[in-house]
Amino acid sequence: MFTIRRLSKQFLTCSVISRSYRYLSVGAASHKTATEELQPTINIIKEDLQLIHRDILQHLGCYEQELNELAKYHFDAKGKLIRPMIICTMARSFNQQQDNFLHENQRCIATLGEMIHTASLIHDDVVDSSDRRRGKPAAAVQWGPKKAVLAGDYILGISSVLLARIGNSDVVSLLARVIQDLVRGEFMQLSTKESDAEQFQDYLNKTFCKTASLFANTCKAAALLGNLRDINLNQLADYAYEFGKNFGMAFQLIDDLLDVTSTDDDLGKPATADLKLGLSTAPVLFASQQFPELQTLILRRFSESGDIERAVELIDQSDGKARTYHLAQQYANEACRILSEFPQSSNGSNRFLNYLIYLTQSTLERRH
Ligand code: FPP
Ligand code: MG
């Protein structure tokens with residue numbers, strides 16, 4: 001029986017990630033030792049996230065009682081907040097040379113990252129006719145699709161006001177690009193390419209648009225808004241983008257893997273949802289290289305009776321899950337390699353870079 005934990009043990013022992021822990025004074029630390037070592041940093045980021053949560057609820061408040069409730073509905077304690085976590089940590093790593101503070105505009109980028117992401121999920125549940133989100137009924141189920149779509153638009157509207165207030169046109173372009181990519185990605189997955197080579201490339205492009213673009217562009221924005229005065233700031237901000245991109249690709253590949261390995265309860269949303277929606281993600285695309293009969297099912301988007309069960313059976317018999325995990329690991333390794341290009345802290349602690357490495361490793365081991 002396949003489990004992510006089994007695979008992660010097998011692959012992580014020889015990965016760049018464990019070597020990247022050279023920043024930590026404990027060297028190639030065990031996960032537990034690393035967590036203890038990082039605890040003060042984890043606490044700092046936890047406080048950032050509490051402020052962000054408070055800010056979001058404040059920004060979304062309005063006098064229309066129903067809209068007020070609906071817009072805030074999915075910002076409860078159940079979200080993983082992985083986007084603001086990564087953005088705040090990246091932002092702080094760019095400030096560390098001169099101070100340890102998170103600047104207000106950087107915190108605003110982390111807030112916007114979570115708001116744009118959640119608005120897109122509210123819309124996504126309408127597009128996917130999905131019932132559950134973050135362990136409870138989707139907004140579209142509670143209020144109906146029309147009001148849910150408008151609530152997503154409202155959250156985007158508030159986000160645009162906050163973005164304009166930052167007053168930096170480069171940053172406005174980066175965040176506008178995120179929204180453009182989210183829509184393009186969602187649109188791309190409404191159709192299926194004919195050939196298997198095109199299908200995989202299309203899947204990677206879609207994964208970048210739907211997930212990695214937000215990590216990449218917000219990390220870059222947070223870097224640009226830091227206090228680092230370095231003649232190479234633009235290049236360093238590009239490294240922040242590359243980190244976010246590779247982290248985001250790894251994160252989504254694991255998400256797609258969990259979709260075929262976890263239960264509804266683990267995920268807080270329906271499992272095998274991708275196949276049920278007619279979507280082909282990495283596990284089934286890799287499996288189809290071993291079992292060409294899957295191509296017929298992929299092309300008709302698993303629409304006939306028994307298609308999903310047969311696809312699950314063939315994925316289980318193939319090395320599709322292991323190859324998906326391995327690809328996620330390659331992106332994660334590249335994300336950690338890029339961090340070595342970042343400016344080192346003058347006091348030698350590199351605590352925020354270490355935490356980014358830790359978060360990257362944790363994303364490979366997550367269960368939901
Ligand atoms: C989740 O996909 C969906 C996204 C990451 C993006 C959805 C984007 C749109 C609906 C376009 C509109 C965008 C905005 C900004 C309003 P999924 O279905 O693979 O994941 P799930 O299992 O969590 O539903
Ligand atoms: Mg969905």
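Filter the stretch 186-197 for residues that are open to solvent by less than 90 Å² (accessible area, probe 1.4 Å) and away from ligand 1 (no atom under 14 Å from the Cβ) and give the result. I'd like the intermediate steps shown before the answer.
Residues of the stretch 186-197 that are open to solvent by less than 90 Å² (accessible area, probe 1.4 Å), as a first pass: 186, 188-189, 191-193, 195-197.
Of everything in the stretch 186-197, those that are open to solvent by less than 90 Å² (accessible area, probe 1.4 Å) and away from ligand 1 (no atom under 14 Å from the Cβ) turn out to be S191, T192, K193, S195, D196, A197.
Looking at the stretch 100-135, which of its residues are free of Cβ contacts under 8 Å to residues at least 60 places away in the same chain and either charged (D, E, K, R) or open to solvent by less than 40 Å² (accessible area, probe 1.4 Å) (or both)?
Hits for the stretch 100-135 are L102, E104, R107, C108, T111, M115, T118, A119, L121, I122, D125.
Mind telling me which of the residues R310, R323, R337 ends up being surrounded by fewer than 22 Cβ atoms within 10 Å (Cβ to Cβ), part of a helix (DSSP H, G or I) and free of Cβ contacts under 8 Å to residues at least 24 places away in the same chain? Talk me through it step by step, then tell me what you get.
On the way: R323 fails: free of Cβ contacts under 8 Å to residues at least 24 places away in the same chain; R337 fails: free of Cβ contacts under 8 Å to residues at least 24 places away in the same chain.
Just one listed residue meets the conditions, R310.
Quick one: in the stretch 242-278, which of the residues that are under 19 Å from Y325 (Cβ atoms) and in a loop (DSSP other than H, G, I, E, B) is modelled with the highest pLDDT?
The qualifying residue modelled with the highest pLDDT is T272.
Exactly one of (1) among the charged types (D, E, K, R); (2) within 21 Å of the chain's Cα centre (by Cα); (3) surrounded by fewer than 20 Cβ atoms within 10 Å (Cβ to Cβ) is unmet by R300. Its number?
With (1) among the charged types (D, E, K, R); (2) within 21 Å of the chain's Cα centre (by Cα); (3) surrounded by fewer than 20 Cβ atoms within 10 Å (Cβ to Cβ) applied to R300, the lone miss is (2).
Report whether or not S129 is away from ligand 2 (no atom under 13 Å from the Cβ) and either within 24 Å of L339 (Cα to Cα) or in contact with a helix residue (DSSP H, G or I) (Cβ under 9 Å, 6 or more places away or on another chain) (or both). Steps first, answer last, please.
Working: away from ligand 2 (no atom under 13 Å from the Cβ): no; either within 24 Å of L339 (Cα to Cα) or in contact with a helix residue (DSSP H, G or I) (Cβ under 9 Å, 6 or more places away or on another chain) (or both): yes.
No.
Which is away from ligand 2 (no atom under 16 Å from the Cβ), farther than 26 Å from G79 by Cα, open to solvent by less than 50 Å² (accessible area, probe 1.4 Å) and not basic (K, R), of L224, L253?
On the way: L253 fails: farther than 26 Å from G79 by Cα.
Within the list L224, L253, the selection yields L224.
Taking V183, is it within 18 Å of the chain's Cα centre (by Cα), of a type in the set (A, V, I, L, M), open to solvent by 40 Å² or more (accessible area, probe 1.4 Å) and under 18 Å from D124 (Cα atoms)?
Numbers: within 18 Å of the chain's Cα centre (by Cα): yes; of a type in the set (A, V, I, L, M): yes; open to solvent by 40 Å² or more (accessible area, probe 1.4 Å): yes; under 18 Å from D124 (Cα atoms): yes.
Spelling it out, V183 is indeed within 18 Å of the chain's Cα centre (by Cα), of a type in the set (A, V, I, L, M), open to solvent by 40 Å² or more (accessible area, probe 1.4 Å) and under 18 Å from D124 (Cα atoms).
When you look at Y239, is it more than 15 Å from ligand 1 (Cβ to nearest atom), part of a helix (DSSP H, G or I) and open to solvent by 50 Å² or more (accessible area, probe 1.4 Å), yes or no? I'd like the intermediate steps shown before the answer.
Working: more than 15 Å from ligand 1 (Cβ to nearest atom): yes; part of a helix (DSSP H, G or I): yes; open to solvent by 50 Å² or more (accessible area, probe 1.4 Å): yes.
Yes, satisfied.
The values are calculated or read from the model by the stated rules, or taken from the named source; none is laboratory data. This is a predicted model, so every value here is computed, not measured. A quick note on method: Cβ atoms are made from the backbone with ideal geometry, for glycine too, and the neighbour counts reach across all protein chains shown. SASA here: full protein model, heavy atoms, side chains in, ligands and nucleic acids out. Shrake-Rupley method; radii C 1.70, N 1.55, O 1.52, S 1.80 Å.
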